Structures are given as structure tokens and as C-alpha cells.
Amino acid sequence: MITKDKTKQSTYYESIIKQGYSRRDFMKFVTYISAYLGLENSMVGQVAKALETSYRVPVIWEHFQECTCCSESFIRSDHPIVADIILDKISLDYTLTLMAASGHQAEAAKKATMDNYKGEYILCVEGSVPMGDDGNYCCIGGRSAKDILLEAAEGAKAIICWGSCACNGCVQAAYPNPTEATPIHKIIKNKPIVRVPGCPPIGEVMAGVIVHLVAFGRLPELDRIGRPKAFYSKRVHDTCYRRPYYDAGLFVESFDDENAKKGYCLYKVGCKGPMTYNACGAMKWNNGVSFPIQSGHGCFGCSEENFWDNGPIYERLTGLHGFGIESSADTIGKVAAGAVAGGLAAHAIAANISKKKELKESISRGKRNEKALDS
Amino acid sequence: METITYKRVYVWELPVRIFHWINAIAITVLAVTGFIMADPPAILSNAEASDSYWFGTVRFIHFMTAYIFFFNLILRVYWSFVGNRFASWKAFFPFSKKSWRNFLHVLKVDILLGHEKHPEITDLSVGHNSVAGLSYFILFLLALVQVFTGFGLYSAMSDWWLPDLFEWVVPLFGGDFIVRTIHHISTWLFILFVLIHVYLVFYHDWLEGRGEVSSIFGGYKFVVGQRVKHKKTEEEKKDTEDAK
Ligand code: HEM
Ligand code: HEM
Ligand code: SF4
């Protein structure tokens, strides 16, 4: 937490009020974000208090190999205060796409933040880092993404990886990954890292992570691969409203059939909800309006590692790499089983030929014994 | 004319036979329900979702059978320390000189259909032959893969401590996708094993005529009489004494 007196700074609360929000708006915001964070009612006061008393945390927000959908999602998150406090007022000391300054000024602002707040600022990363060809595939201001990341990470208190690019590499890391796009946790090993995957992540989730950090001065509780448990401990499938159709075995067979009209489960048209850890089913998107499954399209698994390579999007197939694009585990399995069965049949025939002598003997012995039986 | 006398030898103890059939049935059920889960058939129904639960039932059967499969496996591991020599864990590794010799013999004569110039009476194994033993060990490893990936996937749906022991599996591989793919692929490996295994069992039964197939039901195989050292049992001793 930043408590040092840095004269021109104000607390979160002060800057929210200065933006023209009322105390009531503020309390509503705190209540709602606490609910998203899965906090008890009694914690709301604590969050409010923290926002009233703590000073803005400097944030450096880097963009590497990405499409900016994370930023887009973030500034559209449900409550306007989110964007206001995090972007304008949480002192985004550096973010290429949104800051007023540009060019040398922008770089100077970043440098100043890194120097003045060494060990205190939060580094947010959107995008993966190309490690191939000495990092040349992504250069900003004449420097490679790799250099920029290493420098910015050096003095960061913690790193937040926004989106699947920073968490898993996303589409640019899909096979054959020509630029060697690499997620942040594989490059930086010595800093606390929060991974907030999704393409993009839900805006409220992003806000929740930041508010938690600000309000409690520490990272939210993370799962084994560094994702905030509050948002990533359940699969989309576990909170999907179409789940009863899944359990009843009622599936959409194609997007234009009767079952699709009736809103059946999208499993057979490729829904990856059963394998995707995310909060879409519970929090939804665009101010809680909808989410992919609600609008009739299966979950695509965007917050999962390698989701581009995990088989076709519109089929429930177990895809395999290195065996040709069209092959699934099942086609290979069927071919292998066929080959084995054929081989065994051939072996059986060959055995009867090769072991003819032994077989003949034992058969004739058996027949002789049959004749010699006492009746 | 030479006659061959066979002696009936108790090879597969009851726990081994029970293990075998529970295992075989469980694997069949798991593979069938698993493939249904992977690619459910299209069922047309006018019933409301609240009136049916067949897919949930298929999954339930898979998970229930998974527990049976797992506990059965553990019991077999236990039996490999207390059971007879044919059930022993040692029977699964061709490490001793004798079993390595047998391994080569089986490859040469049974698999590649060659002929041994100087066949020995001990070439025919009484318990598992060494190649079969190794194949069962490989199957055991495959079973562990299914248990780890299966319970790993299952742990997210369960609050019990046993599946939760496997909670680390999914994060280790990075996500459910890849774990499910591994689980799916090893199902095919089970199928390949079963094809070969069942073929070889019948093959040996046909060529050797020692009751191979029935042995896994009744427990007995027939072994050339010369191999059974004749130690008189108490009863036989009594018989001979009475006769005097
Ligand atoms: C011989 C053993 C087993 C076989 C052959 C087998 C086969 C399969 C197959 C083919 C699938 C479908 C995979 C896909 O969707 O692509 C599956 C799914 C699954 N299996 Fe198994 N399995 C075995 C053992 C187990 C065990 C021991 C467990 C432990 C609980 C288990 C738990 C699961 C789970 C959780 C799923 C995912 C189901 C879902 O999310 O709906 N399996 N299994
Ligand atoms: C799902 C199908 C099956 C599986 C997974 C399976 C697996 C196994 C395993 C693991 C063993 C070693 C047993 C132990 O030492 O505890 C074994 C042995 C045996 N199985 Fe199976 N089995 C299957 C089906 C069958 C069938 C259908 C038959 C015969 C009709 C059969 C006959 C035998 C015999 C005779 C043995 C003793 C083999 C030997 O002498 O080495 N099995 N099987
Ligand atoms: S639509 Fe997808 S997430 Fe929803 S129940 Fe079906 S498979 Fe699960």
C-alpha cells in the first residue's frame, strides 16, 4: 500500500468524489465490487475504508503482442467508477493506448514512475512476448518487448497478466507459434504474478482484481496456476443455465435445428464450457446482458491454455497435433484398432500354418483318444 | 505311442480371478460410458429437461465404475505381495535370468512364430509368460494414467478428499482440455491392449491346449506331469500305509 505522502496524490475516495460521484454512488460501487469478489457483507466497510484512506497505486500497463481487447473490456466494465478510478485516477502512469502523453513524454512518465515508486508499482501486462529472433517481432519505441518487460518487471511489486495473451500466449502462440510468443510467467520468475486469462477477461473480473489489490494491499487468493480463485474456480459449465439440458442429454445437433431453437445444450456443437474455468455463466458480459452460450454459441474456451489448438471449435472432438489437421484421436484410434485387428488375423493364419506339425499331432492325438473312450 | 500326462495346477487364486473380471468389466463399462460422454448420441425427445437425466446417469455410471476400478486395482497391488508366486509383483518384470530367457523364447516362438531347436519343458510358463507379465505392467501404468487424469478431472466436481488428492493434476498440465485428451487417448490404448490380450489368450489355449482360457475362470492350468515333483501329501501317505 502506498502511504507515503506524495503531495499531489489523493486517495481513491477523494478522486472519486472529485469526478462528481456521490458518496452513495461510491458505496454502491463498493458493495457491488465486494460481491463480485465473493466477500462477505461485513467486509464492505473494510473495502470502503481502504479506498477512503489509501493513496493511489501507480500502475504501468504494458501492451505487447495483443489486440487491446482486454483494455476494451476493462473500460466497459459494468460500473463507470471502475474505469474512472482505475484508469484516470488509479494513476495509470503509463499505458500506450489510453494515456494523454505520447512519444518521449510518455516514456519519461514511465521512467519517473519506475524510479520514484520502485518496488511499489503494479505492472499490468497485456499481450505475450515474442522470444524468437531475439525479440524482434514486437518492438515499441525502438526496443523489444522482452527488454521492456524485463525492465518494467524489475521494480514491480506484483505483475498482473491480463488476458490469454499474457497468461497463455493466445492465438499468436497457436501452433506453430512462429514468433515464439511466450506468456509472462515463463519469462519472469521472481515476482508475484496474477493471471487473469480470457480473450478478453470479463471487465468486472479485472476491476475486482485491482480493487482487491488496492483495498487489501495484497493479491487475491490464487489457485495453483495463479488465477484468482474468486473468478476461476468454477467451470463455465458449472454455472451454465443450459446445464439441465446437458444432464438430460438434450443437445443441439446443428445451429439451425429445432433443438437450437429450444435452447438445448451446445455440447455437441463444440461448447467447451465443461473444460473452461471462468465466471461467464455467473457474471455474464456487457453489464450482465448476456454471454456466448446465452446468445446461442458454445463456449470456445478462451480462458484455457492452448484453446486455439484444442480441436475444432464447432465440434466435440479430441484433436491431435502432428497427425494432420483433420485427424481426431478417434480416427487415429479406429485406424490403429483396425490395423491391430488385421495384424492379429494375419498372425492367427500364419500361426496355424507355421505350427501345423504340432497342431496336427495334438489334433490326431485327441481324435485317437476319442475313439478309445470307454462308452 | 507317447502319451502326455497333465497335472492340474492351481495357478490363479480366487482374488486374482475376481480382480480380473471386475477389472475387465469395469474397463468395458468405463470405455463405453466414456465414449458416450465424449460424443453423445442424438436423442430426440419431447420431454422437458426436468423429466430426464440420462446423460447425467451415464456420467454417474462412469464415475461410480471409476471408483470400483480404482479400489479393485489397489486390492490387486496388495495381493501381489501376499498372493502365490504367480500373483506376485515379480511375475510382471522379466528381470531374472530365467524370466528373461522366457521373454526371448516367447518373442521368438509365440510372437514371431519361430521354432526352438532344443525346446525345453520349462519354456512353457505356468503363470504369466514374461511378455504377458510385462504387458500387464504396462496396462497397470495405463490404469494409473486413467486414474490420475480421471480423478484430476473429477476433483473439480467433488468435495470428497479422495478425488481432491488429485487436484494438482489439471493445473500441472495447464487445463482440462489436455487432461481430457490424454484420458481419451489412453482409452484407445486400453482397447488395443484388450484386442491383443484376448487374441493371445485364445491363441495359447488353441496351440498349447492347457486350459488357458478356463484358467481365468476356475484358476487351474494343466502342466506336464514331469514338472510336478511328486511330494506325497498326508492323505496319500495314509493311503499307502493303509494298503500295507
Ligand atoms: C479404464 C479406465 C477409464 C477409461 C477407459 C475412461 C474413459 C473415458 C473417456 C473415453 C472419457 C471421455 C473423454 C472425452 O470427453 O474426450 C472419459 C471422461 C471422464 N472420465 Fe474416464 N475413463 C477411465 C477411468 C476413469 C477414472 C478412474 C476416473 C476417475 C474419477 C474417470 C473420470 C472421468 C471424468 C471426470 C471424465 C470427464 C467427464 C465429463 O467431464 O463429463 N475416468 N473417460
Ligand atoms: C477388458 C478386458 C480385459 C482386460 C483389461 C484384461 C486384463 C488382464 C490382466 C491385467 C491380467 C493379469 C491378471 C493378474 O495377474 O492379476 C489378465 C490375465 C488373463 N486374462 Fe485378461 N483381460 C481382459 C479380458 C480377458 C478375456 C475376455 C479373457 C478370456 C476369455 C481373458 C483371459 C485372461 C487369462 C487367461 C489371463 C491369464 C494370462 C496369463 O496366463 O498370463 N482376459 N488379463
Ligand atoms: S452449453 Fe456448454 S457450458 Fe452449458 S451445459 Fe452445455 S456444455 Fe455445459
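Bear in mind these aren't lab numbers, they're just calculated from the coordinates by the rules spelled out. Because the structure is predicted, anything quoted here is derived from the model rather than measured. Cβ sites come from the backbone with ideal geometry, for glycine too, and all protein chains shown count toward neighbours.
Non-local amide H neighbours of A:A181 (under 5 Å, H modeled in plane, Pro and chain starts lacking H): which ones?
A:M131
Which of the listed residues, A:Y241, A:S254, A:V269, is farthest toward the dipole's positive end in region A:236-317, when Lys, Arg count +1 and Asp, Glu count -1 at the beta-carbon?
Value: A:Y241.
Let's test the formula: R0 of 45 Å, r as the Cβ-Cβ distance of B:L189 and A:S290. What FRET efficiency results, to the nearest 0.05?
Calculated transfer efficiency: 0.60.
Roughly what % antiparallel, to the nearest 5, for the DSSP beta bridges in region A:9-232?
Around 30 percent of the beta bridges assigned by DSSP in region A:9-232 are antiparallel ones.
Treat each spin label as a single point 7 Å out from the Cα along the C-beta direction, and report the B:F140 to A:R368 distance in nm.
Going by the 7 Å Cα→Cβ label model, 4.4 nm.
Taking H placed 1.01 Å from N in the peptide plane, check which residues at least 5 places from A:Y94 or on another chain put their amide H under 5 Å from its amide H.
For A:Y94, the qualifying residues are A:V59, A:W61.
Could you derive backbone 3J(HN,Hα) for region B:141-150 from the dihedral phi with the Karplus parameters 6.51, -1.76 and 1.60 (θ = phi - 60°), listing whole Hz in sequence and x where the residue is Gly or Pro?
4, 4, 4, 5, 4, 5, 5, 5, 5, x
Dipole of the protein assembly as shown (Lys/Arg Cβ +1, Asp/Glu Cβ -1, origin at the Cα centre): which of B:F173, A:G296, A:Y121 lies farthest to the positive side?
Selected residue: B:F173.
How long are the semi-axes of the equivalent ellipsoid of chain B, defined as square roots of 5 times the Cα gyration tensor eigenvalues? Whole Å, largest first.
After diagonalising the Cα gyration tensor, the semi-axes are 44, 21, 18 Å.
Within 10 Å of each candidate Cβ there may be at most 15 other Cβ atoms; applying that plus a DSSP loop requirement, which chymotrypsin sites (Phe, Trp or Tyr not before Pro) in region A:161-246 survive?
When the chymotrypsin sites (Phe, Trp or Tyr not before Pro) of region A:161-246 are filtered for loop state and at most 15 Cβ neighbours within 10 Å, A:Y241 remain.
For region A:236-317, what does the alpha-carbon gyration tensor say about shape, rounded, prolate or oblate, given a ≥ b ≥ c as the root eigenvalues, a/c under 1.5 as rounded, and a/b over b/c as prolate?
Note, shape of region A:236-317 comes out oblate.
Under the classification rounded if a/c is under 1.5, otherwise prolate if a/b is larger than b/c and oblate if not, where does region B:1-142 fall, given a ≥ b ≥ c as square roots of the Cα gyration tensor eigenvalues?
prolate
Pull up all non-local amide H partners of B:I43: gap of 5 or more, or a different chain, and H-to-H distance under 5 Å with H placed in the peptide plane.
Long-range HN contacts for B:I43: A:F251.
So for region A:9-232, Kirkwood radius off the Cα pairs, Stokes-Einstein at 10 °C and 1.306 mPa s: how many µm² s⁻¹?
D = 90 µm²/s.
Any number yet on Rg/Rh for chain A, C-alpha, Kirkwood?
That ratio equals 1.21.
For a quick check of your reading of the filter: which trypsin sites (Lys or Arg not before Pro) in region A:105-185 sit in a DSSP loop and have no more than 12 other Cβ atoms within 10 Å?
A:K118
Report the label-to-label distance for B:L14 and A:T68 in nanometres (one decimal), using points 7 Å from each Cα along the Cα→Cβ vector.
About 7.6 nm separates the two model spin labels.
Determine the sum of side-chain charges near B:G83: Lys and Arg each +1, Asp and Glu each -1, restricted to other residues whose C-beta is under 14 angstrom from that of B:G83.
Around B:G83, the surrounding residues sum to +3.
From the phi angles alone, apply the Karplus equation (6.51, -1.76, 1.60; θ = phi - 60°) to region A:106-120 and give each ³J(HN,Hα) in whole Hz, x where the residue is Gly or Pro.
Once θ is set to phi - 60°, the couplings for region A:106-120 become 4, 5, 5, 4, 5, 4, 4, 4, 5, 6, 6, 10, 4, x, 10 Hz.
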